[in-house]
Amino acid sequence: MPTASGKAYLSENRKYQPDRSLLGVGAGQGEDGGMRSPRQRRIAYVAVMGSCLVLIILAWTVVRLFSTTAAIVMSAVAAVLPPIAVMIGNDPRDPGD
């Protein structure tokens, strides 16, 4: 059982058990600590890919007129986003998709 102070404790079999309140919500998990629904994952995927497109379009239509270096950096960030979006969208722990 967790202590009133919210610190870690030892269970009956003497293994370290962190208090659940100390564990934050992890990546790919909803607010209750469970997995995200397919709809939530799809929305997150579209948001990340949309930001990727916005970065590329802004970099090479507007920003390059002022700073080529900034446009290249924006493109580099945009190049990293698609694999991250795929990891968000395809949760291997959910066999229902």
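The values are calculated or read from the model by the stated rules, or taken from the named source; none is laboratory data. What you see is a predicted model; the values in this text were computed from it and never measured. Positions of Cβ are backbone-derived with ideal geometry, glycine not excepted, and every protein chain shown enters the neighbour counts.
Taking the stretch 52-69 as the range and being exposed (fewer than 14 other Cβ atoms within 10 Å of the Cβ) and assigned to a helix (DSSP H, G or I) as the test, the residues that pass are Leu53, Val54, Ile57, Thr61, Leu65, Thr68, Thr69. Identify the residue in the stretch 70-97 that is exposed (fewer than 15 other Cβ atoms within 10 Å of the Cβ) and outside any helix (DSSP H, G or I) and, among all such residues, is modelled with the highest pLDDT. Among them, the one singled out is Asn90.
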